[in-house]
Amino acid sequence: MLRTDRVYVAGHRGMVGSAICRALARDGFENVVTRTHRELDLLDPVAVREFYAAEKPDVAIIAAARVGGIGANSAENAKFLYENEMIAMNTVWGAAEAGVRRLLFLGSTCIYPRMAPQPIPESALLTGELEKTNEGYALAKISGLKLCEFLRRDRGLLYHSLMPTNLYGPGDNYDIVHGHVLPTMIRKFETARVSNEPIVHLWGSGSPLREFLHVDDLASACLFVLGLDNPPDLVNAGTGREVTIRQLAEMIRAATGCRAEIDWDRAKPDGTPRKLCDTRLIRSLGWEPKIRLEDGIRRTIDEYRAELARGTIRL
Ligand code: GFB
């Protein structure tokens with residue numbers, strides 16, 4: 001990817017897309033193309049085709065998706081499958097038809113089988129059954145990455161994919177029901193601290209293991225792989241460090257200064273027991289994350305407080 005390239009970032013208002021736009025600006029990319037949801041409906045193949053024909057980007061980064069935590073995914077697998085499948089097919093196929101030279105498709109490590117070997121290597125793809133709570137999302141992301149792989153093989157297009165582990169950072173969704181665990185915990189502990197509530201209710205047993213990558217590290221990983229002449233079709237991006245949900249809760253409780261007790265609601269799902277990605281491939285190519293979880297959590301709590309004060313938070 002060249003500094004002079006015209007780069008389309010799909011999903012630029014989301015947590016991931018906005019981090020990628022910040023990283024592009026920092027690296028001197030001045031020709032970035034974006035469209036809001038209102039301006040371009042990525043579920044509409046004709047609109048997407050017309051957009052590509054009019055804008056003619058050189059590079060596309062597909063960070064648009066319907067995302068959510070375990071609550072949102074498990075309640076609406078159909079919607080997560082349909083919308084993410086349409087977004088993937090329209091943005092990737094549309095790019096190929098319009099002659100977009102290079103494309104990076106973003107997925108998630110939930111594409112791997114529920115009982116994949118840990119840490120999960122890229123080769124674990126399609127070797128076993130998926131985690132049921134996010135099967136729809138995972139199937140759509142698998143289709144998207146496969147479409148990129150096929151287009152590269154069939155037509156020689158440099159379309160490739162990156163699978164980040166669980167992400168967090170500025171611009172996250174703090175919705176109590178639909179959000180991911182890390183932002184939801186920040187909101188729950190902050191709310192309890194401010195209003196002196198004695199108990200914070202969390203979901204599941206607290207025993208599942210998760211890995212968390214700051215979205216600014218993910219953005220650096222995206223630009224890194226886009227700079228490779230011969231990138232892998234599929235590469236993981238993570239930290240290689242995992243914590244239990246219970247440890248995460250303790251870290252966030254301490255970092256917010258909340259004194260409430262934790263009540264674990266075991267009627268709520270645990271989801272996949274463990275999801276640590278094998279990052280040897282991306283590290284061997286020369287990328288590594290920079291933001292330690294403790295520092296990232298502190299930064300994110302500060303940003304949450306600032307966003308809340310400004311009234312710009314997504315709740
Ligand atoms: O981030 P999360 O919602 O999704 O984390 P996944 C879920 C884990 O955190 C489960 C526990 O073990 C929950 O039981 N947890 C504890 C909570 N308290 C809470 C809470 O207040 N809210 C939430 N949300 N969880 C998602 C997939 O899986 O990961 C997506 O559904 C995507 O498709 C994403 O892949 C990265 O890590 O289980």
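A few notes on this one:
- Only one of the numbered conditions (1) closer than 26 Å to Pro183 by Cβ; (2) of a type in the set (D, E, K, R); (3) part of a loop (DSSP other than H, G, I, E, B) is violated by Glu30, and that is (1).
- Residue match in the range 138-147 (condition: outside any helix (DSSP H, G or I) and either within 16 Å of the ligand (Cβ to nearest atom) or of a type in the set (Phe, Trp, Tyr) (or both)): no
- Residue list for the range 147-159, restricted to those being surrounded by fewer than 23 Cβ atoms within 10 Å (Cβ to Cβ) and either closer than 26 Å to Asp216 by Cα or touching a residue at least 60 places away in the same chain (Cβ under 8 Å) (or both): Glu149, Arg152, Leu157, Leu158
- Members of the range 36-71 found to be part of a helix (DSSP H, G or I) and within 14 Å of Ala138 (Cβ to Cβ), listed by number: Ile70
- Some residue of the range 108-120 being in a helix (DSSP H, G or I), in contact (Cβ under 8 Å) with a residue 60 or more places away in the chain and farther than 30 Å from Arg6 by Cα: yes
- Residue satisfying all of: in the range 254-271; surrounded by 13 or more Cβ atoms within 10 Å (Cβ to Cβ) and touching a Leu at 6+ places or on another chain (Cβ under 9 Å); modelled with the lowest pLDDT among these: Lys268
- Among the criteria (1) of a type outside the set (Gly, Ala, Ser); (2) within 30 Å of Ile176 (Cβ to Cβ); (3) touching a Lys or Arg at 6+ places or on another chain (Cβ under 7 Å); (4) surrounded by fewer than 16 Cβ atoms within 10 Å (Cβ to Cβ), the one Glu83 does not fulfil is (4).
- Among the residues of the range 284-314, those that are out of contact with any strand residue (DSSP E or B) (no Cβ under 9 Å at 6 or more places or on another chain), assigned to a helix (DSSP H, G or I), closer than 20 Å to Arg210 by Cβ and charged (D, E, K, R) comprise Glu294, Arg298.
- Test: residue in the range 83-103 that is basic (Lys, Arg), in contact with a helix residue (DSSP H, G or I) (Cβ under 8 Å, 6 or more places away or on another chain) and either assigned to a loop (DSSP other than H, G, I, E, B) or within 16 Å of the ligand (Cβ to nearest atom) (or both): no
- Tally of residues being farther than 20 Å from Pro232 by Cα and among the charged types (D, E, K, R) across the range 91-131: 4
- Pick from the range 227-261, criterion within 17 Å of the chain's Cα centre (by Cα) and hydrophobic (A, V, I, L, M, F, W, C), ranking: farthest from Ser195 (Cα to Cα): Leu234
Residue by residue, here is whether (1) closer than 27 Å to Ala25 by Cβ; (2) touching a residue at least 60 places away in the same chain (Cβ under 8 Å) holds:
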position: His178; (1), (2): no, yes
position: Cys222; (1), (2): yes, yes
position: Asp229; (1), (2): yes, no
position: Arg259; (1), (2): no, yes
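- Taken over the range 189-208, the residue count meeting the criterion of being more than 23 Å from the chain's Cα centre (by Cα), exposed (fewer than 14 other Cβ atoms within 10 Å of the Cβ) and small (Gly, Ala, Ser) is 1.
- Note on the range 157-250: enclosed strands (runs of 3 or more DSSP E) holding 3 or more residues that are more than 13 Å from the ligand (Cβ to nearest atom) are 158-164.
- The one condition in (1) surrounded by 22 or more Cβ atoms within 10 Å (Cβ to Cβ); (2) in contact with a Phe, Trp or Tyr (Cβ under 6 Å, 6 or more places away or on another chain) that Gly107 fails to fulfil: (2)
- Residue that is nearest to the ligand (Cβ to nearest atom), among those in the range 110-124 that are in contact with a Phe, Trp or Tyr (Cβ under 8 Å, 6 or more places away or on another chain) and under 21 Å from Ile70 (Cα atoms): Cys110
The values are calculated or read from the model by the stated rules, or taken from the named source; none is laboratory data. Keep in mind the model is a prediction, meaning the values are calculated, not measured. Please note: Cβ atoms are built from the backbone with ideal geometry, for glycine as well, and neighbour counts cover all protein chains shown.
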